[in-house]
1. Comparing Asp142, Asp182, Asp199, which has the greatest mean-square fluctuation in the GNM of the chain with Cα pairs linked when under 10 Å apart?
2. Please give the FRET efficiency for Asn232 paired with Asn155, using the beta carbon to beta carbon distance and R0 = 25 Å, rounded to the nearest 0.05.
3. Volume per residue, Å³, of the convex hull around the alpha-carbon atoms of the stretch 209-289?
4. Over the stretch 194-289, average the accessible area per residue using a 1.4 Å probe and give it in Å², no decimals.
5. Using only Cα atoms, figure out Rg for the stretch 1-129 and give it as a multiple of 2.2 N^0.38 Å.
6. Can you tell me the equivalent ellipsoid semi-axes for the stretch 111-187? Use √(5λ) from the Cα gyration tensor, largest first, whole Å.
7. When all alpha-carbon pairs of the stretch 56-167 are counted, what percent fall beyond 24 Å?
8. What Kirkwood hydrodynamic radius, in Å, does the stretch 23-79 give when the mean of 1/r is taken over all pairs of distinct Cα atoms and then inverted?
Amino acid sequence: AAKNSGRRQYHIFSQELHAMVLERQHILSDMRHAIPRGEMYLKYQPILDLNAQEIVKFEALIRWNHPTKGAIPPSMFIPLAEESGLIGVIGDFVFSESILQLAKWRKTLSPNLVMSINTSPFQYMESGKNLERWFHQLDQLDLPGDAIIFEITENMLMHHSSNVSDQLLALRDKGINVALDDFGTGYSSLAYLNRFDIDFIKIDQSFIRDMESGAMAQDLCEAIVSMAHKLNLHVVAEGIETEHQMNLLIKYGCDLGQGYYFSYPLEADAATTLLEEGINLPNTENTVF
Ligand code: C2E
Ligand code: MG
Ligand code: MG
Ligand code: MG
């Protein structure tokens with residue numbers, strides 16, 4: 001009997017697995033048409049200078065509105081896109097859309113605004129081909145390299161270091177800054193910070209979340225900020241949701257912040273309005289720590 005039930009369990013498990021594989025295949029084949037069919041678009045989340053309380057950058061975040069399944073989060077489809085090679089097309093879409101929007105905003109509202117763009121290691125694989133095309137697109141829009149930031153992950157530095165380091169040098173020549181995203185969640189970050197000449201680190205939102213309750217997490221964030229400054233890196237805190245978190249980070253000397261406390265990621269029109277009107281915080285008694 002035991003043997004039988006074991007077999008039945010296996011059977012159920014393999015059915016589930018099969019359904020999962022099928023689901024992934026469906027999503028993958030739908031993803032091939034998503035851009036031509038206009039199902040993908042960008043949202044923009046403001047990044048603020050914490051002291052001036054001003055918007056200085058936006059991070060471009062991709063969205064996919066699937067015709068029958070509704071919104072599929074990037075944490076689900078970006079890994080699939082990376083496995084399948086579709087990330088090239090998607091990454092190009094994100095790049096052209098976001099710099100076009102940036103060019104508009106810099107012309108009309110905010111001449112020094114910067115766009116922070118998430119990139120995936122696979123976009124750096126084809127020995128600089130992508131970079132040439134992207135640089136050309138920047139030139140066509142009259143955008144200097146320092147108008148954009150490429151966000152990369154520690155993972156990327158670890159597994160693709162030989163490919164990536166040449167290309168990071170090319171980015172640097174063009175004036176493009178590099179930010180290490182989700183800082184603190186990967187491996188041996190410290191060695192890489194020096195080796196790859198990173199400009200910004202983005203403290204992962206899990207650390208900011210834990211600050212709310214723990215003195216330990218607060219000390220950790222304070223230490224990350226001062227270490228980063230010693231290494232001449234700028235710091236962005238991700239996932240700020242409360243005034244308390246913001247005030248602590250200001251006290252630690254953290255330069256920049258983003259999170260729901262300031263604004264959710266917004267569609268282009270709403271982001272334009274926010275740029276025009278500025279951020280209006282519910283309560284801005286930053287002097288009380
Ligand atoms: P990420 O680059 O670390 O982006 C930050 C994520 O945190 C975003 O989720 C954002 O909506 C969310 N977030 C912002 N503020 C808060 C907050 O206060 N609280 C909480 N709980 N969350 C906050 P999203 O848009 O779902 O993106 C998830 C991840 O997908 C991104 O993490 C990034 O790794 C990836 N991704 C998004 N867009 C792109 C893209 O265009 N290209 C690539 N390669 N990856 C992307
Ligand atoms: Mg990011
Ligand atoms: Mg992040
Ligand atoms: Mg540097």
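The values are calculated or read from the model by the stated rules, or taken from the named source; none is laboratory data. Model, not experiment: these values are computed from the prediction. Note that each Cβ is placed from the backbone with ideal geometry, even for glycine, and that neighbours are counted across all protein chains shown. Surface areas here come from the heavy atoms of the whole protein model, side chains and all, with no ligands, DNA or RNA. Shrake-Rupley method; radii C 1.70, N 1.55, O 1.52, S 1.80 Å.
1. Evaluated over the chain, the most mobile residue of the options is Asp142.
2. The calculated FRET efficiency here is 0.60.
3. 104
4. Per-residue value: 52 Å².
5. Ratio of Rg to 2.2 N^0.38 Å for the stretch 1-129: 1.47.
6. Equivalent ellipsoid of the stretch 111-187: 22, 15, 9 Å, largest first.
7. Taking all Cα-Cα pairs of the stretch 56-167, the fraction more than 24 Å apart is 29 percent.
8. Evaluated on the stretch 23-79, it is 13.0 Å.
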